[in-house]
Each structure stands twice: as C-alpha cells, then as structure tokens.
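Reviewing the structure listed below.
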Amino acid sequence: MNGVHDVGGMQCFGAVLPEENEPVFHAEWEKRVFGTMCLAMIDGHFNVDELRHAIEHIAPAEYCAVPYYGKWLRGMEDRLIAHGVITREELERKWAEVQGKGAAA
Amino acid sequence: MSSHDHEHEHSLVPSEPALRIKALESLLVEKGVLDPAAVDEIIDVFEHRVGPRNGALVVAKAWTDPEFRKRLLADGTAAVRELGFLGMQGEEVVAVENTQNVHNVVVCTLCSCYPWPLLGLPPAWYKSLAYRSRVVIEPRKVLEDFGLKVSDDKEVRVWDSNSEVRYIVLPERPAGSETLSEAELAELVTRESMIGTGVAKAPA
C-alpha cells in the first residue's frame with residue numbers, strides 16, 4: 001500500500017539530527033512500550049507484519065506527529081483488540097482509571 | 001471505525017503516552033497475559049546487553065580472518081550465528097562491504113528495520129522521517145549531516161531494509177591498524193560505521 005509511511009524520496013522533512021551519546025530510550029514510557037510489544041509478539045498475539053500494517057493505517061497527520069514508540073503503542077492496541085486479547089471497552093475503562101476519572105465509569 | 005467513534009476515542013485517550021501505556025500494561029497484567037517482570041527483563045537486555053559492540057566483534061573478525069570474511073559476505077546470517085548473534089529482527093542478515101570504490105549506507109524507508117542482535121535498537125535519527133526520506137534521494141548530502149564527505153569518484157550504494165532482510169555494513173579497515181589485535185580493532189568500529197553514516201575510527 002502506498003501511504004504516508006512510504007516517505008522514501010521526499011525532501012520536506014529537514015536535516016537529519018544525530019544525537020551525541022544517545023541513550024537507548026529517551027523516556028521510561030518508551031521502555032514499557034518496547035518491552036510490552038516484544039512480549040506480545042513472543043507470546044504470539046500478533047506478528048511484526050501485522051504490527052507494521054496497523055502502524056501504516058494510522059491517519060496521515062497523526063502518523064507524522066506521533067513519536068516512534070507512540071506509533072508502536074497505537075499499533076499494539078489495535079492488534080490486541082483485533083485478536084480479542086482485550087476489548088476497546090476495557091481499554092477505555094483503563095484510560096479513564098489512569099487519568100483519575102474513576103474506575104467504575 | 002466511524003468519525004463518531006474517532007471523536008469518542010479522542011475524548012477518552014490519555015494525552016500523555018506514559019499514562020496510555022500504563023493503562024494497557026495494567027489491563028494486560030489484570031487479564032493475566034503479561035508479566036511485568038518479563039517486561040523489565042527485556043528492557044534490561046536491550047538497554048545493557050545487546051548493542052553495537054556485537055556488530056563490532058563481527059567486523060573485527062572479518063578484518064582479521066579472511067575465511068570468516070568470505071563466509072560473512074556469502075551468507076551473513078550463518079556467519080553471525082557462528083558468533084552466537086541471532087534473535088528477533090536478525091533472522092536474515094546481509095553484510096555489504098565498503099571498498100576503495102564503494103561506500104554503502106543502510107536505511108529502512110518504510111519504518112525502522114535494523115539488525116537488533118548485531119547493533120541493538122536503532123538510534124532516533126535512523127527512525128526519523130528526515131533520514132528515511134532523504135537518504136535514498138540525496139545520500140551524499142545526508143552523509144554530510146553526519147560530517148562524512150564521500151569523494152565524488154566513490155559510488156554510494158543505499159540499501160533499503162525490510163522486515164525480512166537486515167543489512168550491516170562491513171566498513172573499510174582503517175590505515176595504520178595492521179598491528180592491532182581483534183579486540184583492539186573492535187574498539188575502532190562505531191555503530192555509524194556499520195550503518196554507513198560513518199567510517200571506522202583511526203587508531204590512536
């Protein structure tokens with residue numbers, strides 16, 4: 001599929017900015033996304049091709065704006081719901097809970 | 001999903017990614033399908049145990065052992081397995097050799113494919129839209145962003161990775177390194193030299 005992910009040959013994204021002494025992860029949440037993703041794939045909930053497919057279906061404006069592990073997170077949620085490991089309702093309840101909006105909502 | 005669903009989701013979804021992954025992790029733990037200690041273990045492996053040091057050992061061996069070099073270029077996957085480097089995102093490894101006449105550079109234009117067992121996780125710039133988009137159309141300019149000027153008489157080859165094939169560049173052995181041991185040579189091999197956005201360091 002051609003889509004926003006297929007960026008090879010575009011020249012609108014500016015200079016490449018290498019970072020000196022770059023850490024493996026830039027934030028704690030990135031680590032959790034990475035580790036959870038690896039386990040989800042090791043446990044066979046979905047494979048890397050499905051994940052990429054899900055990431056490639058993120059809406060174009062969002063795809064460009066969201067950081068790398070944010071795309072992984074969206075792709076992972078999508079696949080876990082698709083395979084019935086979790087439901088959207090359960091995830092929404094958790095979203096409310098972690099934001100202090102009440103677990104019982 | 002309808003546009004109504006989109007709006008609905010946007011009103012609920014945590015704006016902070018830290019909260020969003022916390023929600024998912026907590027849900028998976030509750031359902032008994034995720035062990036948080038196993039997540040910690042995987043993070044530790046990729047933060048501390050797997051990294052470009054592995055690839056550097058492969059390169060140093062190829063510089064000092066002509067038979068290994070031949071095997072590496074003929075069948076990268078089998079050769080790196082001899083050294084015990086296998087695992088996720090390293091299922092099929094192809095080594096490409098820099099020479100006097102050719103400089104190789106690796107990208108994944110579609111996302112971020114990278115030989116994890118040899119180089120660890122990719123740096124942020126490798127996954128950036130800027131690198132993915134530009135290195136295939138103006139590689140010499142992109143290499144200059146890294147401070148690397150490739151002479152005009154040298155061919156630049158760009159290799160686009162995919163989820164089946166991961167590339168590693170075999171950099172040129174630096175001049176003046178003839179007397180160094182394999183371990184000392186490995187110290188000269190940088191991550192960038194194995195992606196192709198750099199060259200091996202000169203001996204001190």
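Taking segment A:63-86 only, how many residues are more than 8 Å from chain B (Cβ to nearest Cβ) and either open to solvent by 60 Å² or more (accessible area, probe 1.4 Å) or aromatic (Phe, Trp, Tyr) (or both)? Number satisfying all stated conditions: 6.
Of all residues in segment A:26-52, those satisfying the criterion of being in contact (Cβ under 8 Å) with a residue 12 or more places away in the chain and within 7 Å of chain B (Cβ to nearest Cβ) are A:TRP29, A:VAL33, A:PHE34, A:THR36, A:ARG52.
Please enumerate the residues belonging to segment B:88-126 that are facing another protein chain (nearest Cβ under 9 Å), of a type in the set (A, V, I, L, M) and open to solvent by less than 20 Å² (accessible area, probe 1.4 Å). Matches in segment B:88-126: B:VAL107, B:LEU121. Take B:LYS61 and decide whether it is more than 13 Å from chain A (Cβ to nearest Cβ), modelled with pLDDT of 95 or more, crowded, with 19+ Cβ neighbours inside 10 Å and on the phi < 0 side of the Ramachandran plot. So B:LYS61 passes the test. Scanning segment B:171-182 for residues that are surrounded by 18 or more Cβ atoms within 10 Å (Cβ to Cβ) and out of contact with any Leu (no Cβ under 7 Å at 6 or more places or on another chain) gives B:PRO171, B:ARG173, B:LEU180.
Out of everything in segment B:77-87 that is part of a loop (DSSP other than H, G, I, E, B) and away from chain A (no Cβ under 14 Å), what residue ends up being surrounded by the fewest Cβ atoms within 10 Å (Cβ to Cβ)? Steps first, answer last, please.
Quick first cut of segment B:77-87, residues part of a loop (DSSP other than H, G, I, E, B) only: B:83-87.
Subset that is away from chain A (no Cβ under 14 Å): B:83-86.
Values: B:LEU83: 15, B:GLY84: 10, B:PHE85: 21, B:LEU86: 13.
Per the stated criteria, the residue is B:GLY84.
Each residue in segment B:29-63 was checked for being free of Cβ contacts under 8 Å to residues at least 40 places away in the same chain and either aliphatic (A, V, I, L, M) or more than 18 Å from A:PHE34 (Cβ to Cβ) (or both), and 12 of them qualify. Flag set for B:LEU72, criterion: more than 8 Å from chain A (Cβ to nearest Cβ) and open to solvent by less than 60 Å² (accessible area, probe 1.4 Å).
For segment B:127-153, which positions are over 19 Å from A:GLU22 (Cβ atoms) and either within 7 Å of chain A (Cβ to nearest Cβ) or open to solvent by 40 Å² or more (accessible area, probe 1.4 Å) (or both)? Break it down into steps so the answer makes sense when it comes.
First pass over segment B:127-153, keeping only residues over 19 Å from A:GLU22 (Cβ atoms): B:133-134, B:136-141, B:144, B:149-153.
Answer for segment B:127-153, where residues must be over 19 Å from A:GLU22 (Cβ atoms) and either within 7 Å of chain A (Cβ to nearest Cβ) or open to solvent by 40 Å² or more (accessible area, probe 1.4 Å) (or both): B:SER133, B:ARG134, B:VAL136, B:ILE137, B:ARG140, B:LYS141, B:GLU144, B:LYS149, B:SER151, B:ASP152, B:ASP153.
Name the residue, out of A:PRO23, A:PRO60, that is more than 7 Å from every other protein chain (Cβ to nearest Cβ), modelled with pLDDT of 95 or more and surrounded by fewer than 19 Cβ atoms within 10 Å (Cβ to Cβ).
Values: A:PRO60 fails: modelled with pLDDT of 95 or more.
Answer to the check: A:PRO23.
Being touching a residue at least 40 places away in the same chain (Cβ under 8 Å) and either closer than 24 Å to A:TYR69 by Cα or basic (Lys, Arg) (or both) holds for only one residue in B:SER161, B:SER128, and it is B:SER161.
Listed here are the helices (runs of 4 or more DSSP H) enclosed by segment A:15-70 that have at least 3 residues being more than 18 Å from A:HIS5 (Cβ to Cβ): A:28-42. Criterion first (in a strand (DSSP E or B) and of a type in the set (S, T, N, Q)) does B:ASN104 satisfy it? Yes, satisfied.
Please return the ranges of helices (runs of 4 or more DSSP H) entirely within segment B:134-197 where 3 or more residues are more than 30 Å from B:LEU86 (Cβ to Cβ).
Details: elements: B:139-145, B:182-186, B:191-195.
Result: B:139-145.
Does A:ASN2 satisfy being at positive phi, outside any helix (DSSP H, G or I), more than 9 Å from chain B (Cβ to nearest Cβ) and open to solvent by 70 Å² or more (accessible area, probe 1.4 Å)? The answer is no for A:ASN2.
Give the residue, chosen from B:VAL165, B:VAL156, that is touching a Lys or Arg at 6+ places or on another chain (Cβ under 9 Å) and either of a type in the set (D, E, K, R) or open to solvent by 20 Å² or more (accessible area, probe 1.4 Å) (or both). Step through it out loud before you land on a result.
Details: B:VAL165 fails: touching a Lys or Arg at 6+ places or on another chain (Cβ under 9 Å).
That would be B:VAL156, the only listed residue that is touching a Lys or Arg at 6+ places or on another chain (Cβ under 9 Å) and either of a type in the set (D, E, K, R) or open to solvent by 20 Å² or more (accessible area, probe 1.4 Å) (or both).
Within the option set B:LEU34, B:LEU24, being open to solvent by less than 10 Å² (accessible area, probe 1.4 Å) and within 12 Å of chain A (Cβ to nearest Cβ) holds for one residue only, B:LEU24.
The values are calculated or read from the model by the stated rules, or taken from the named source; none is laboratory data. As the structure is a computational prediction, the values presented were derived from the model and not from experiment. A quick note on method: Cβ atoms are made from the backbone with ideal geometry, for glycine too, and the neighbour counts reach across all protein chains shown. With ligands, DNA and RNA removed, areas are computed over all heavy atoms of the protein, side chains included. Shrake-Rupley method; radii C 1.70, N 1.55, O 1.52, S 1.80 Å.
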